[in-house]
Amino acid sequence: MSDLSLRSVTKVFYRKDGEEVHAIDNVSLDIKQGEFIVLLGPSGCGKTTLLRSVAGLEYPSSGSISIGGVDVFNSSRRISLPPETRRLGMVFQSYALWPHLSVADNIAYPLQMEGLRRAAVTSRVTEILEAMQIEHLSKQFPSQISGGQQQRVALARALVRGDSLILFDEPLSNVDAKVREHLRVELLAMQRKLGFTALYVTHDQHEAMGLATKIAVVANGRIAQIDTPERIYRQPKSLEVAEFVGSINKISGRLSSSGDCIRIKTKHGSIPVSPEAVAGRKEQEVFAISRPEDWSVSTETPVSEESWRGEIVASVFLGAHTEYIVRFGELNIVIWKHKGELLPPGQSVWCNVKPESVALFDQG
Amino acid sequence: MQALSQTMAGRVHGIGNKRVRRGNWFAAISAALCIFLAMLILVPIANILYDVFWAHAPGASPFDQLGSAKAALTVLANTSLVLGVAAILAVFFGSLFAWLNERTDVEMSWASKVLPIIPLLLPPIAGSIGWVMLASDRAGLLNVWGKRLLEFMGIQTDGPLVSIFSWSGLIFVYLIYTLPHVYLCVASALRNLDPSLEEASRVNGAGPLKTLVKVTLPAVLPAIISGGTISIIYGIALFSVPAIIASQAGIDILAVKIVNLMMAEFPPKTGAALLFGLVIVVVISVMTWIQRRVISSGKFATIGGKGAQVTLVKLGWVRWPARMLLLGYILVATILPFGTLFLVSLQRFWTANIDWSRLSFRHYLNVFGNSFASQGILNSLTLAISVATVVMFVTALIAFRMYTSRNWLVTGAIDFTLKLPATISNLVIGMAFIVMFAGAPFYLHGTLTILLLAYAVLYLPQASIIASSAIAQVGRQLQEASSVAGASEGKTFFRIMFPLMLPGLVAGWTMLFVLLAGDLTASAMLSGTGNPVIGSVILNLWTEGSFAPVAAFATVVSIIMASVVLTVMWISERLTQRSR
């Protein structure tokens with residue numbers, strides 16, 4: 001049984017000039033109990049609208065949403081449960097902690113709404129405060145604690161009722177980088193321990209990669225691809241996904257094969273590709289997509305004829321790796337090198353890419 | 001599963017689920033309140049329109065009651081002249097003061113707090129009387145003392161130095177009370193204007209004056225125009241100032257004319273009064289329309305998020321004259337008239353030849369010994385407290401419902417109706433209430449109930465504007481978080497939204513309280529000997545010519561108002577600090 005299921009969810013709204021905009025465009029999605037799904041996409045792609053539709057804070061134009069097998073929204077059966085009956089936790093981007101209630105009262109609120117007895121509320125709140133290691137903050141007000149602490153309180157409030165589905169709306173975008181890293185690890189540990197299903201919205205791919213069991217890349221109101229982080233990165237299904245996730249080098253060329261040897265012929269040289277990448281394509285115009293770390297750069301004259309000769313136009317030392325921009329005619333290629341001496345701009349170099357790491361997409 | 005989702009579906013429509021049903025109960029009460037208020041606003045208006053234009057006896061049409069067209073036109077011309085000149089001056093000085101306080105090193109931050117609340121500190125009725133005592137032709141303190149000073153310096157003068165009972169005197173007092181409205185508009189526009197626009201102009205070689213003319217003024221022009229329209233809207237319905245000053249100066253002003261047609265004539269010339277009232281409705285509608293057009297056409301560049309540091313214009317030698325000007329206004333609007341009231345109240349009777357040894361508090365004792373006057377204060381305070389509380393709470397509730405509602409049509413209709421009394425103007429509402437409730441079948445003439453109902457309707461627009469802005473300041477996610485946490489609408493309102501709106505509501509309550517307690521427009525028509533209120537007591541004592549007692553009474557009232565305003569300002573400042 002899937003814990004959360006969306007069927008052909010569509011949300012249409014009209015601009016002032018009457019133009020029809022599909023904020024969510026026919027999205028279907030099934031999430032199993034205990035999965036951690038990250039909706040990843042640029043701002044304005046519809047991921048937040050999708051999340052809010054699950055919470056009951058937005059109303060889709062059509063489709064159906066069910067949680068734990070129960071329809072909470074179904075346009076054809078005219079069902080639309082209000083948010084307070086959907087029994088899910090949610091962490092908001094702004095944390096949305098109530099400034100007039102103390103930390104303990106904020107966390108107790110969902111339990112009080114359940115009608116729990118005072119003693120039961122207190123013991124459950126203490127339990128979760130301890131689990132989140134914020135018991136010393138219980139009497140503080142939200143304005144008196146740091147951003148990272150507020151984030152923990154928001155998470156505690158979302159988890160306190162023990163709902164099986166927790167929604168996250170870019171919860172880490174307001175804390176600084178170090179705290180974010182820390183909270184991410186903690187959140188993951190919490191999810192593994194408690195086993196809730198998580199639906200998490202972000203535009204940060206590192207966050208997505210670090211958290212997700214599956215990433216759903218959202219673009220223009222549609223799910224472009226849903227897969228494990230590794231497959232999203234290594235085997236993007238579309239140019240759109242490849243361009244959004246990570247950095248890429250996009251080279252235009254013509255696919256040609258002579259015997260065993262399959263190549264992309266470009267103005268600057270040719271690129272070898274693996275037979276799997278060709279996937280039944282004939283001789284045609286394609287984009288060859290490769291990642292910066294799959295290229296090698298060297299000052300020595302190579303043995304292989306697939307090496308390209310270019311000139312370094314910029315070299316940037318970034319700590320873990322060095323980023324080179326290498327120019328071949330009017331084409332610039334980004335290359336990340338992890339070791340070796342820093343090559344200066346103006347240096348002439350030989351570069352090549354591993355055939356198995358090149359993906360192809362049709363042009364046009 | 002199918003069955004379970006069926007029951008859940010049933011719950012949405014309110015069958016059998018405790019939580020959902022409670023939400024509906026909350027919704028039902030809000031809906032009932034909306035309908036009640038809408039009826040209270042719309043029915044009397046529809047009733048008076050029907051009465052006057054359709055149900056009149058032959059030959060008694062409202063146009064017959066008007067009398068000579070010339071007299072009617074004179075009233076309109078007088079009113080436009082006074083309002084027009086006062087509004088232009090108010091726009092000039094109000095904008096100037098706003099610029100001085102927000103953009104220059106005049107450094108009078110206390111003035112920027114006091115300026116907007118001047119009409120609340122010293123109600124127009126008290127201010128007008130104070131100014132009459134300062135500047136009437138023969139016994140005005142300024143005239144008598146000024147002349148003596150000149151005589152002492154060897155200068156002989158004929159006639160009064162200043163005269164409040166004149167066109168300029170009348171315009172002057174209108175100016176005092178319209179200026180703060182312009183100030184408030186322009187100052188808040190300046191505060192929201194991105195200072196980097198002005199900095200860019202300075203960096204690109206324009207001096208402070210050129211920057212003001214080329215960049216700052218055009219950017220806040222919408223606010224300046226809207227300040228002007230607000231001062232006209234406020235001024236045209238203002239009754240207390242012309243009631244005290246214009247009548248004696250022999251200048252017929254619209255607001256006074258309307259009240260006289262209703263009160264001084266028997267039988268009341270309701271038709272003529274309504275025709276004049278409709279002029280006000282038209283003026284207010286046009287002004288509101290202009291204001292909306294100007295605001296929506298404005299291409300504002302406003303600060304997003306964090307407040308930016310403004311580089312202040314250095315005034316140099318102009319700084320002291322600028323300070324004097326600001327100080328002069330505050331003096332003229334508050335301290336001078338209040339001081340005069342107090343001084344006169346201590347005398348046996350109003351005279352500029354003060355016998356300092358014989359000053360006493362006798363009038364204070366008399367005023368409070370007088371059951372009519374003390375009853376007036378008691379009634380006003382009771383009405384003001386109860387109406388301000390109820391109206392503020394109800395509008396907060398309705399604002400919350402409108403905030404969460406998805407039905408734009410209904411929300412829009414409610415919003416329009418609640419704000420309608422502002423356009424209809426207090427004078428027309430007052431008339432409509434007399435016609436509707438004073439006689440059969442309600443017989444509410446001379447009761448507190450009719451005042452209560454009229455006050456509630458009159459101050460709904462202000463209250464609902466305050467409530468909407470109070471709720472807009474509470475982030476939407478706070479309300480959503482409560483819903484997701486399982487709270488019904490009612491719980492969300494009482495546990496989350498209401499407490500968070502409280503600082504805004506408290507400030508609004510104060511404003512309502514002061515306006516209500518000092519109300520004269522509706523009170524002049526609706527209160528009689530059986531239900532005196534502060535405004536009508538002052539007017540009564542004034543027309544009787546008991547100047548020293550009226551000064552005593554006005555002093556007490558001003559002190560009550562000012563202390564309420566200042567106390568609540570202090571409290572709400574602390575409240576906002578705490579919740580941040």
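Computed from the coordinates by the stated procedures, all read-outs in this text should not be read as laboratory data. What you see is a predicted model; the values in this text were computed from it and never measured. Cβ placement follows ideal geometry from the backbone for every residue including glycine, while neighbour counts extend to all protein chains displayed.
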About its Cα centre, chain B carries a charge dipole, from +1 on Lys and Arg Cβ atoms and -1 on Asp and Glu Cβ atoms, whose size in debye to the nearest 20 is 1700 debye
With a Cα-only, solvent-free Debye model of segment B:463-580, what are the log10 I(q)/I(0) values at q = 0.11, 0.16 Å⁻¹?
-0.55, -0.84
DSSP loop GluC sites (Glu not before Pro) with at most 15 other Cβ within 10 Å: longest gap in chain B:
B:266-580
Cut-off is 10 Å between beta-carbons; in what order do A:HIS182, B:HIS181 appear when sorted fewest neighbours first?
A:HIS182, B:HIS181
For segment A:2-244, what is the Kirkwood hydrodynamic radius in Å, using each pair of distinct C-alpha atoms?
18.6 Å
Counting just the Cα atoms, what span does the protein assembly as shown cover along each of its three principal axes? Round to the nearest Å and put the largest first.
118, 73, 62
Test of understanding: extend the Cα→C-beta vector of A:ARG254 to 7 Å, then name every residue of segment A:285-326 with backbone N under 19 Å from that spot.
A:285-289
Test of understanding: ordering A:HIS338, B:HIS445 by Cβ neighbours within 10 Å, fewest first, what list do you get?
A:HIS338, B:HIS445
Could you give me D for segment A:249-362, from Stokes-Einstein at 25 °C and 0.890 mPa s, where the hydrodynamic radius is the Kirkwood radius over C-alpha pairs? Units µm² s⁻¹, please.
169 µm²/s
Along the dipole axis of segment A:2-244 (charges at Cβ: +1 for Lys and Arg, -1 for Asp and Glu; origin at the Cα centre), the most positive-end residue among A:GLY69, A:GLY41, A:ASN106 is A:GLY69
³J(HN,Hα) across segment B:325-337 via Karplus (A = 6.51, B = -1.76, C = 1.60, θ = phi - 60°), whole Hz, x for Gly/Pro?
4, 4, 4, x, 4, 5, 4, 5, 8, 10, 5, 4, x
Taking N as the number of residues in segment A:1-54, what is its alpha-carbon radius of gyration divided by 2.2 N^0.38 Å?
1.30
If you look at just the Cα atoms of segment B:226-356, how large are its Rg and its Dmax in Å?
22.4, 63
Could you tell me the extents of chain B's C-alpha atoms along the three principal axes, largest first, rounded to whole Å?
103, 72, 49
Alpha carbon centroid spacing (whole Å) that separates segment B:48-113 from segment B:239-284:
12 Å
For the protein assembly as shown, what is the percent of antiparallel DSSP beta bridges, rounded to the nearest 5?
80 percent
Could you list which residues have their amide H under 5 Å from that of A:THR197, counting only those 5 or more apart in sequence or on another chain, with H placed in the peptide plane?
A:GLY34, A:LEU165, A:ILE166
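Given a Förster radius of 56 Å and the C-beta distance between B:LEU359 and B:ASP194 as r, what FRET efficiency does 1/(1 + (r/R0)^6) yield to the nearest 0.05? Don't jump to the answer; show the numbers that get you there.
On the way: r = 55 Å, r/R0 = 0.98.
About 0.50, to the nearest 0.05.
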Kindly list the residues of segment B:259-282 that lie in the label zone of B:LEU73, defined by a backbone N under 20 Å from the point 7 Å along the Cα-to-C-beta vector.
B:272-273, B:275-280
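Mind checking segment B:373-436 for trypsin sites (Lys or Arg not before Pro) that DSSP puts in a loop (not H, G, I, E or B) and that have at most 13 other Cβ atoms within 10 Å?
B:ARG406
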Would you please give the residues with an amide H less than 5 Å from that of A:TRP295, counting only those at least 5 places away or on a separate chain, with H modeled from the backbone geometry?
A:TRP336
If each DSSP helix of 4+ residues adds -39,500 (n - 2.57) and the sum is divided by the residues in the protein assembly as shown, what number results at 222 nm, nearest 500 deg cm²/dmol?
-17000 deg cm²/dmol
Viscosity 1.306 mPa s, temperature 10 °C: give me the Stokes-Einstein translational D for segment B:473-530 in µm²/s, with Rh taken as the Kirkwood radius over C-alpha pairs.
113 µm²/s
With +1 on the Cβ of every Lys and Arg and -1 on the Cβ of every Asp and Glu, the dipole magnitude of segment B:74-349 about its Cα centre, in debye rounded to the nearest 20, is 420 debye
I want to check the label-to-label distance for A:LEU188 and A:SER296. Put each point 7 Å from Cα in the C-beta direction and report it in nm to one decimal.
3.0 nm
Among B:SER527, A:SER247, B:SER188, which residue has its Cα positioned farthest towards the positive end of the charge dipole of the protein assembly as shown, with +1 placed on the Cβ of Lys and Arg, -1 on the Cβ of Asp and Glu, and the dipole taken about the Cα centre?
B:SER527
Once phi is turned into ³J(HN,Hα) by the Karplus curve 6.51 cos²θ - 1.76 cosθ + 1.60 with θ = phi - 60°, what whole-Hz value does each residue of segment B:114-126 show in order, with x for glycine and proline?
6, 3, x, 9, 3, x, 7, 6, 10, x, x, 5, 6
Residue by residue through segment A:306-312, the couplings from Karplus 6.51 cos²θ - 1.76 cosθ + 1.60 with θ = phi - 60°, in Hz, x for Gly and Pro, are 7, 6, 9, 9, x, 10, 6
What list do you get for B:ARG191, B:ARG138 if you sort them by fewest beta carbons within 10 Å?
B:ARG138, B:ARG191
Quick one: dipole size for the protein assembly as shown, taken about the Cα centre, charges +1 on Lys/Arg Cβ and -1 on Asp/Glu Cβ, in debye to the nearest 20.
1100 debye
Amide H neighbours of A:ALA219 under 5 Å, at least 5 residues apart or on other chains, H built in the peptide plane: list them.
A:ALA224
Note on segment A:81-229, DSSP bridge orientation, antiparallel percent to nearest 5 equals 40 percent
Just for chain A, what percent of DSSP beta bridges are antiparallel, to the closest 5?
80 percent
